[in-house]
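Beneath this line is the structure, given in C-alpha cells, with notes to follow.
Rule-based calculations on the coordinates, nothing more; no lab input. Computed from a prediction, not measured in an experiment: that's the story for all the values here. A quick note on method: Cβ atoms are made from the backbone with ideal geometry, for glycine too, and the neighbour counts reach across all protein chains shown.
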Amino acid sequence: MSADYWSSSQRTKWQVSREALEENRRRLIVLEKKLVQSGLIKDQPHIRYDANMRIYLHTLLVKLGRRLNVRQVALATAEVYLVRFLVRVSLREINIYLLITTCLYVACKIEECPQHIRLIVSEARNLWPEYIPQDVGKLAEFEFYLIEEMDMYLVLHHPYKSLIQIRDFLEGNSSLYGFTLGKDDLQHAWSLLNDSYITDLHLLFPPHTIAIAAIYISIVLRKNLNIIRAGAGSDSNKYTDSMKMQIDDIVSITGDSTIRSSTNYQSHSHSIDEDTIKIDRFMDFLNHSHVNLNEVIEATQEMISLYVAWDRYNEGQVRKALQFMLLGR
C-alpha cells in the first residue's frame, strides 16, 4: 500500500510493457489449448477477449454498479481488477458474470463504500438470474480466487485525481500558460477516462499520462472535429459528453500518429480563434511538463481505437456466445 503512485504496487508490480502484456496473453492462449486437449474445458472459438468482449464486460459492470449506486472510483477499481484477472485467467475457465460481481464487491471494500454480500448477489441475480448462484458462498470463494490472481495488490491510483490536479495547476498558473480547463473540457476528459478502463492503458501507463491523453483529445480533437463539421455544414453541438462523435471524423483527424504542432491547426483558418490559441497554449504546457509524449501519443491512439471498435460493437453476438458457453457446461 502506498499513497505515492511511484512507489506503489500498481507501478512496481502491475505496470508492464506492451510486449510483456502480449506475451502473457500468448501464454494464456497456449494454456487454453492445453485445457481443451485435456478435456477440462470445451473448445469455444467464438469466445475471444477482443474489443467486442471488453465493451460488453464494461457495460455489464456499469449496469450492476448503477443498480447499487456505486461511486465511479469503485467502478474504475473493479474494471482494473477485471483486466488484471483476465491477463492470467482464461475467459473460458470461469463464469464471467460471477467474476464481474466479485470484482465490484472487492472494489467497494477497497474504496470504502462496501456493499453487503447478500445485497450484491441479489442485485446481480436480478440482472443475470441464470448465471449467478443463490449461494453467497460462491461469491466469497471467487473473492479469494480473484485476490490470489492479483497477488493481493489491491490499492489503485486513478487518473481522475491527476485530471483534477492538472486542472488546479493550470488555474494556479494561468498567468504563465494563459489558459485553464473549462467545465466542458473537464467533463469531456472525465468521460474519456471512464471509457479508458475498457482498454489496457491502466496496465501500461501512469495515471497522469492517461489524464493528459484525455485532455488532449478533449481540447485538440474537438477543435478539429468542429472544423470538419463546420466545413460539412453539420451542427457542431452533436459532440456530447458521452463522446458520441463521428468515427470517420476521428479517424481522419488522427490518421497521423504524431502530436501535431499548433501551426497545423492554424492552417485550417485564416484567423486565429480562441480555441486555436488554447491549443497552442496547451502544447506549450506539454512542452514544459516533462511528460513522456510518446506515451501520451500511444494512450491517445488506444483511446481513439476504442471508439472505432465501439462503432462496430455487436452486443448480441457476444451475449449469445457467452450464453452458449456457460449454459452448455
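Some points to look at:
- Near-label residues of segment 60-74 by backbone N, under 11 Å of a point 7 Å along Cα→Cβ of E149: none
- Relative to the 2.2 N^0.38 Å rule of thumb, segment 5-156 has a C-alpha radius of gyration ratio of 1.05.
- In this simple spin-label approximation, V136 and R27 carry label points 7 Å from Cα along the Cα→Cβ vector, and these lie 3.7 nm apart.
- Spatially, segment 126-164 and segment 38-62 are offset by 17 Å when compared through their Cα centroids.
- Segment E93-S7, extension gain: residue separation times 0.36 nm, minus the distance between their alpha carbons: 27.6 nm
- Between N69 and N173, the contour length at 0.36 nm per residue exceeds the Cα-Cα span by 33.8 nm.
- Note on L293/D184: beta-carbon distance plugged into 1/(1 + (r/R0)^6) with R0 of 25 Å gives a FRET efficiency of 0.50.
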